[in-house]
Structure formats: structure tokens, C-alpha cells
Amino acid sequence: MRKQVVAILFLILFQGYSLPEREPQVADTLLTSGHPVFLVRISSRKEKLPAGFVARHFGLDRPVFTEFRDRHYRYYTGPFPGLEEAEAFIDSLGVDDAFAVVFLRGTRVTRSGRPIPGMTRGTWIYPPDSTAPAPDTVISVVEEEPAAADTVAAETLPSRPAPEGNRLRKFIAKRDYGRSTLFVLILYGVIIYSIFTMMILLVVILINRNRNERLARIEEDLKEKYQRVLMNYLFDQELPEGVPLRLQKIASNSFKRKILIDQMIDLSVNLRGEAAEKLRDLYIRTELHHDSIRKARSRRWHIKVKGFRELAFMDIRDANDEIIRCLHSRNDILRMEAQLALVKLGDEHPYEFLDYLKMPFSVWEQMTVHEMLIHHELNPPPFSRWLRSSNTSIVIFSLKMIAIFKQEDAYPLIIELLDHTDPEVRKTAIRVLGDVKYREAILPLKRMYKQEPYENCLEIIKAMGKMPDQMVLKFLQLVIDREDDVQLQIEAAKAIHQMGPVGEDTLEKMMHSDYKNYQIIIKHVLDKRIF
């Protein structure tokens, strides 16, 4: 369909902008005639129009001739046997500004279709030779105020009533666009349609704006009412038994129930202990939890997210199966919200969702989950249970959590990860062993140095610097001596410097050694302005 529209527009443009056909000129056609030739001037315009187009618009079955004089194009039709036939044709044509003219040898010899004063209808006298226009010239036909005598003579001519269709014909005639008329008409239609559409859109926008303003006022009133009822319910010593029923009556539709749920969620963020339990009990007694479960099982992800949050804040576990299913969603936001909801809903096992997670556990998700664990003061589980997970992102997260929560029981298991197939897991394990200063890992780190990629080698040297031990002094000296990478040499020198006086003496000896010039690297490490 789109290709057809493009093809039609191309044809319209080609039709509109193609070269106009050559129409016969008056001088070319009538120059050889030695007799008076009667024509009817049907239009005069500043822009040039194709003769065929003029003929079609005025419904002519006669040829159309064009004359250019005084920066105007004059359009004639004919010829006619005499003046009466020309006048009869004008009556049938129905164009107000049409009039008869006479040409002799290609030169027009009459003015504006009016007889010369003193002459009767049907009689034409040509100007005398002394005043005759030069050959191939035309007396000006630009509209002008007639002379007094002309006016008197013109009054003798019978006036014609304007036909019914004259105004429409005149309007179209004045707005001819040559062969581009179809394109212009389509453009007019598009403009009118656009204006009409804009008016409808404006009405819709105004109606929607008024509706939104009205709903906003209603929402503000309901918020104040619900807050007052909830505060009285939570903090009054005497619990009014009719509050749940009253709230059910007030929140009689989905719009009002949504506002009530939002107010309860806002309150639950800052409530603890007995007040939080009372709010949860009210949430269930007013049957609002059914609304949240319905949202959690919705097909639209943004509604699911809202349902997950409501269930998590109100500690409702009836939709946990749906939340677990969304752990495998490709929607990052939905997947993260499912993780956060399961952390809140799993008081005893807040990180149980790691058992089900198959998708990569992004760094942002890890930070968000850890922040929730700290904010809600949840007990961290033993993260060593996930060190053998098939999901490498979970293994990396577990290593970080072991370091943060100082879970010493897991340290020996970390050494096993130094043989993991994923280099990123090995790199994280090396960093964690250095952070927790687990000295039993020094020898395994020393042995694996040669087989590791550059990034992991750098982490091994940094880890040795975090837990300085003289047993790796020779190893670090070899790194400085044999490695070509400056960053590795600097980190090895730092690790030696961390060994205290022994390390400093070693660096001094190396700096004054004749074997190699280490002065730049060692001076850089010993400069206290840098470290």
C-alpha cells in the first residue's frame, strides 16, 4: 500500500512539473489573414497557463490562443464568423469578464470589447491609418476606467445577468495551477484534514486536561481522608472496630482503592514493630491484598512491578511463585524488582532467590540487593553455599559478600576457586583473599602467577602487598627484575615496601645495585608525597 501511494504521488508530481505543451500564438495563426477575425478574450493573467488546461477549465471545444503583451498573458478562443456569433458564445460561456475582439493581420484593432463611440452594434470600424498601431502591436487591454463617451456607448449594450455558476468558475479560473492542479487539490485536502484533526485533538486535550485536574482534586481529598483514618487507627489506644468496614465503603472502586493502597505503602516504609503489624492486619482485613496479587499476576510488566512492591512491603507471600517465575524475565527492571521482593519476603532466607536465578546477576542488581539487606537489617546467609553455583555472576557476588561480612568459614573454599575456569571468578577470588588477608593463600597465588592473564597477575601482586610476608620477598624481586611491564614492577615494589624495615632495606640495596637501574621505580615507591 505504501509503495502504491508513493507511485501515485510521483506521477502527480511528474504530471504537474512536466513541460507544458506548446500552444499556438495569435500572431502565428492569424498574421496571414487579410480579413477581420473575431475572437473572444476569456481570461488575462500574469502567469502563463497551458492552452489545453484553459480549454478544459472553461469547457471549450474551440482552439485557445495566447498573446503576451504588457507583462500579461491574454487567452482567446475562436474564430467566429461575426460579432453576433461571438456575443452568443459569450452568453453561453457564462464568464463575466469575457468580451469579443477583432484582429486584422495579427494585430488587435479594438479596445476592451467596447464599440467605438457612435457606431451601432455589429458594425466595426478600424482606426485610421494615421493612428493605426504598428504591426505586431496590441492596444493595452489592462483594465482601465472607460471614458465618458465609452460609458454612454456601453450603456446602449444590453446587460447580461450573471449566471449561477459564475462565482465558482471565476474562483477556479483565478486559481489555476497548470498541470499541477491535482497535486494542489490534494495539498488543500491534506491541509484541511490536518486543521480538522488538530481541532479534534485540541478538544480531546482540553477534555482530558479537565478530567485530570478533577481527578487530581479528588485524589488530594481522598489522601487527606485516608491519612486521617489510618493515623487514628494506628495510634489511638482504643482500636475502632468499624475502621476496616468504613475503609471498604470509602474505597468503593479501583481508583479509590489504589489511593488507599498507596497511602498504606507510604506509611509502612517508616513503621516497625506493633504499628507495622496493625497496618498489615488492616491491609488484609480490607481485602486490599487481593488487588496486589491481581497486579502481580498481570501480563503488563509495569503493573507486575507495582504488585511486587506492594506485596513486599506488606509481607504477603501468596504470589511468591509468580515472583520467582519473573526471576528469568528478560526485562531488567522486572527481574530486579522480583529479586528485591524476594529479599524482603524471605525473612529467614532473604537470598534464597539465588538458587533460582539463571540470568546474569548484574553489578547494579548486586548493589541494590546488598543495600536492601543493610537497610532492613536482615541477617546475611552463609554465602559459601553459592560458591559452586553454575551462574558465575552469583559466584562473584557471593565472594564479595563473604569479604564484606567476614565469613571466615568460607575462606578455605575460596582457594578452590583459584582453579575456576572463568578468569573473572579467579580474579575476584584473588582480590577477596587479599582483602581478608588469608595468608594460607600466598603459596597458591605464587604458584599460579605464571599461568594467569595480565589482569590476574596484577591482582596477585596487589594481594601479596595486602598481606606482606618475607616468604615472597625473593618472588617479588624477580617480578621487578624480569617483568617488562612498569605497573607490575611498581606493584611488586609496593608489596616489598609493605614488609617494613626488611622491605625498605631490600629496596635501598636494589636502588644502588649495578646490575640494573631500578632508581626510577623505587624512588617512585619510596616517595611519601605519592603514597
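Since every read-out is calculated from the coordinates, none of them should be taken as a lab result. From a predicted model like this one, the values you see are computed outputs, not experimental measurements. All Cβ positions, glycine included, derive from the backbone under ideal geometry; neighbour counts span all protein chains shown.
Assorted remarks:
- Gyration tensor analysis over the Cα atoms of the range 383-467 returns equivalent ellipsoid semi-axes of 18, 15, 10 Å (largest first, whole Å).
- Residues Val203 and Met231, FRET efficiency given R0 of 25 Å [Cβ-Cβ distance, rounded to 0.05]: 0.05
- In the structure shown, the pairs Lys258/Lys358; Lys258/Lys400; Lys344/Lys406; Lys358/Lys466; Lys358/Lys437 are assessed against 28 Å; a Cα-Cα span above that value is assigned to Lys258/Lys358; Lys258/Lys400; Lys358/Lys466; Lys358/Lys437.
- Of the GluC sites (Glu not before Pro) in the range 223-295, those whose Cβ has at most 10 other Cβ within 10 Å and which sit in DSSP loop: Glu238, Glu241
- Extended-chain gain in nm, criterion 0.36 nm per residue less alpha-carbon gap, Arg62 and His35: 7.7 nm
- Long-range HN-HN contacts of Gln407 with modeled amide H, under 5 Å: none
- The equivalent ellipsoid of the range 385-531 has semi-axes of 31, 15, 12 Å, largest first, where each one is the square root of 5 times an eigenvalue of the Cα gyration tensor.
- Cα gyration tensor shape of the range 299-354, rounded if a/c is under 1.5, else prolate or oblate by comparing a/b with b/c: oblate
- Neighbour cut-off at most 11 other Cβ (10 Å), DSSP loop, trypsin sites (Lys or Arg not before Pro), the range 452-489: none
- Peptides ranked, highest mean first, by Cβ atoms within 10 Å: ranges 361-368, 256-263: 256-263, 361-368
- Remark on Phe99: its backbone amide H falls under 5 Å from those of Arg41, a criterion applied only to residues 5 or more positions apart or on other chains, H modelled at 1.01 Å from N.
- Among the trypsin sites (Lys or Arg not before Pro) within the range 294-382, those in coil by DSSP and having at most 15 neighbouring Cβ atoms inside 10 Å are Arg297, Arg299, Arg300, Arg317, Arg330, Lys358.
- Shape call, the range 474-521: gyration tensor on alpha carbons, a/c limit 1.5: oblate
- The order of Ser398, Ser92, Ser43, going from fewest to most other C-beta atoms within 10 Å of their C-beta, is Ser92, Ser43, Ser398.
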